[in-house]
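A.B. asks: Dumping the structure here so I can ask a few things about it.
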Amino acid sequence: MGVGHHRDIKGKADDDYAKRKKNPGPLDPAKTTFVFVTPRRWGKKKEWEEGRRSEGFWVDVRAYDADNIEQWTELASAVGAWLAALIGKYPAGAEVLLIAGVNSPRQRTRRFQKTSSWQVAWMLPRK
């Protein structure tokens, strides 16, 4: 999973939405929520959600920005640690616990899914 660097957040959200709508893969849109996440602040995310939600393709549409991520990591410190490890941004002085054989974001996601009741579905770019 890469961290977004696009300055045009709406454009990136629109592109990601269009790609996933055109090819939802194994996902059933009638039972799936489309989620867009950006590490930037996005003041128009609610308007974008409402516009996409009104199309009725996905069961729901959500957009999360830097403020949501900050709130999430403050409320759940374990999530903050997991996210920091996932994106390689460790707090100063932090010790990093590496699990033997779990080195890639895809492997860490699978491990997280095995220990959680949450279902995580995202596409990671293939190299």
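A.B. asks: Of 27, 39, 73, which is farthest along the charge dipole of segment 1-75 in the positive direction, counting Lys and Arg as +1 and Asp and Glu as -1 at C-beta?
C.D. replies: Among 27, 39, 73, the one farthest towards the positive end of the dipole of segment 1-75 is 27.
A.B. asks: Which distance in nm do the two modelled labels at residue 82 and residue 30 give, with both placed 7 Å along the Cα-to-Cβ direction?
C.D. replies: For residue 82 paired with residue 30, the spin-label model returns 3.1 nm.
A.B. asks: Among all the aspartates and glutamates, which ones have a C-alpha under 20 Å from residue 44's C-alpha, if same-chain residues fewer than 8 places away are not counted?
C.D. replies: 8, 14, 15, 16, 55, 60, 65, 67, 70
A.B. asks: For the pair residue 62/residue 15, report the inter-label distance in nm, with labels modelled 7 Å from Cα in the Cβ direction.
C.D. replies: With each label point 7 Å from Cα toward Cβ, the separation is 2.4 nm.
A.B. asks: Using the Karplus equation 6.51 cos²θ - 1.76 cosθ + 1.60 (θ = phi - 60°), what ³J(HN,Hα) coupling, rounded to whole Hz, does each residue of segment 36-46 give in order, writing x for Gly and Pro?
C.D. replies: 10, 10, 10, x, 9, 6, 9, x, 9, 5, 5
A.B. asks: Using Cα positions and a limit of under 26 Å, work out the lysines in reach of residue 89, with same-chain residues fewer than 8 apart set aside.
C.D. replies: Output for residue 89: 10, 12, 45, 114, 127.
Bear in mind these aren't lab numbers, they're just calculated from the coordinates by the rules spelled out. Since this is a predicted model, take the numbers as computed values, not measurements. Positions of Cβ are generated from backbone atoms using ideal geometry, with glycine treated the same way; all protein chains shown enter the neighbour counts.
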